[in-house]
1. Return only the number of the condition from (1) in contact with a strand residue (DSSP E or B) (Cβ under 7 Å, 6 or more places away or on another chain); (2) exposed (fewer than 15 other Cβ atoms within 10 Å of the Cβ); (3) assigned to a helix (DSSP H, G or I) that E170 does not satisfy.
2. Scan segment 41-49 and tell me whether some residue there is closer than 22 Å to V158 by Cβ and either modelled with pLDDT under 95 or surrounded by 11 or more Cβ atoms within 10 Å (Cβ to Cβ) (or both).
3. Looking at segment 156-167, can you tell me whether even one residue there is of a type in the set (S, T, Y), in a strand (DSSP E or B) and under 20 Å from T85 (Cα atoms)?
4. Here are some residues: L135, L65. Which one is touching a residue at least 60 places away in the same chain (Cβ under 8 Å), buried (at least 19 other Cβ atoms within 10 Å of the Cβ), of a type outside the set (V, I, T) and in contact with a helix residue (DSSP H, G or I) (Cβ under 6 Å, 6 or more places away or on another chain)?
5. When you look at L148, is it modelled with pLDDT of 95 or more, outside any strand (DSSP E or B), over 12 Å from the mean Cα position of the chain (by Cα) and surrounded by fewer than 18 Cβ atoms within 10 Å (Cβ to Cβ), yes or no?
6. Among the residues of segment 104-132, write down those that are surrounded by fewer than 13 Cβ atoms within 10 Å (Cβ to Cβ) and in contact (Cβ under 8 Å) with a residue 40 or more places away in the chain.
Amino acid sequence: MFIFKVAGSLVFLLLLLGFDTAPVAAQSSKKTIILVRHAEKLPPVDTDNGDPDLAPEGRERAERLMQAIKKYKPQEIFVTDYKRTRQTAEPIANLRKVQIQTYDPVKQADLISKMMASKTKRYLIIGHSNTTPTLANLLMKKEVFKQLPDPEYGVFWVIRMKKSVVTKIEVFPY
């Protein structure tokens, strides 16, 4: 009982002094981060302002992605602010009843900081042929992955982390 009171008093003292104990708990947790490039998009036209919708085969792929990753039960879903990334996320977001959030691909380090500080354990992040490998490299803290070839739409990466360190990366076709 005495140890509990001391530990409780220590937490109270830290909170009283303005120390946040939540990041310590969040960093010690395990995280699963799924990275994927958006599905196939329609060819760009002058009226889409560089933001085309998914092609019919892209919509089918988004459904296959949902089937392939539903077992990971993503709790938070992040996409870049484009229709094709949002449309790729919609099937799994609807299944999981999770709101789709946007992130700035230029500020991927901010997204990583947000995830590492959060108590959330399972994420889905949908990006592009250049941003997805960049994010994987940032998570690994070294250059391993190169930009995806333009016709590459059929894989997702599962990155497992413990205490903010990558412990395992798997790449799966879908």
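1. In the conditions (1) in contact with a strand residue (DSSP E or B) (Cβ under 7 Å, 6 or more places away or on another chain); (2) exposed (fewer than 15 other Cβ atoms within 10 Å of the Cβ); (3) assigned to a helix (DSSP H, G or I), E170 misses (3) alone.
2. From segment 41-49, those closer than 22 Å to V158 by Cβ are none; that's our starting set.
Checked against the condition, which is being closer than 22 Å to V158 by Cβ and either modelled with pLDDT under 95 or surrounded by 11 or more Cβ atoms within 10 Å (Cβ to Cβ) (or both), segment 41-49 yields no hits at all.
3. The initial filter retains those residues of segment 156-167 that are of a type in the set (S, T, Y), namely 164, 167.
Among the residues that remain, those that are also in a strand (DSSP E or B) are: 167.
With the extra rule that they be under 20 Å from T85 (Cα atoms), the set shrinks to none.
No, because not a single residue in segment 156-167 is of a type in the set (S, T, Y), in a strand (DSSP E or B) and under 20 Å from T85 (Cα atoms).
4. Numbers: L65 fails: in contact with a helix residue (DSSP H, G or I) (Cβ under 6 Å, 6 or more places away or on another chain).
Answer to the check: L135.
5. Numbers: modelled with pLDDT of 95 or more: no; outside any strand (DSSP E or B): yes; over 12 Å from the mean Cα position of the chain (by Cα): yes; surrounded by fewer than 18 Cβ atoms within 10 Å (Cβ to Cβ): yes.
Against the criterion (modelled with pLDDT of 95 or more, outside any strand (DSSP E or B), over 12 Å from the mean Cα position of the chain (by Cα) and surrounded by fewer than 18 Cβ atoms within 10 Å (Cβ to Cβ)), L148 does not qualify.
6. K119
The values are calculated or read from the model by the stated rules, or taken from the named source; none is laboratory data. Computed from a prediction, not measured in an experiment: that's the story for all the values here. Note: ideal-geometry Cβ built from the backbone for every residue, glycine included; neighbour counts use all protein chains shown.
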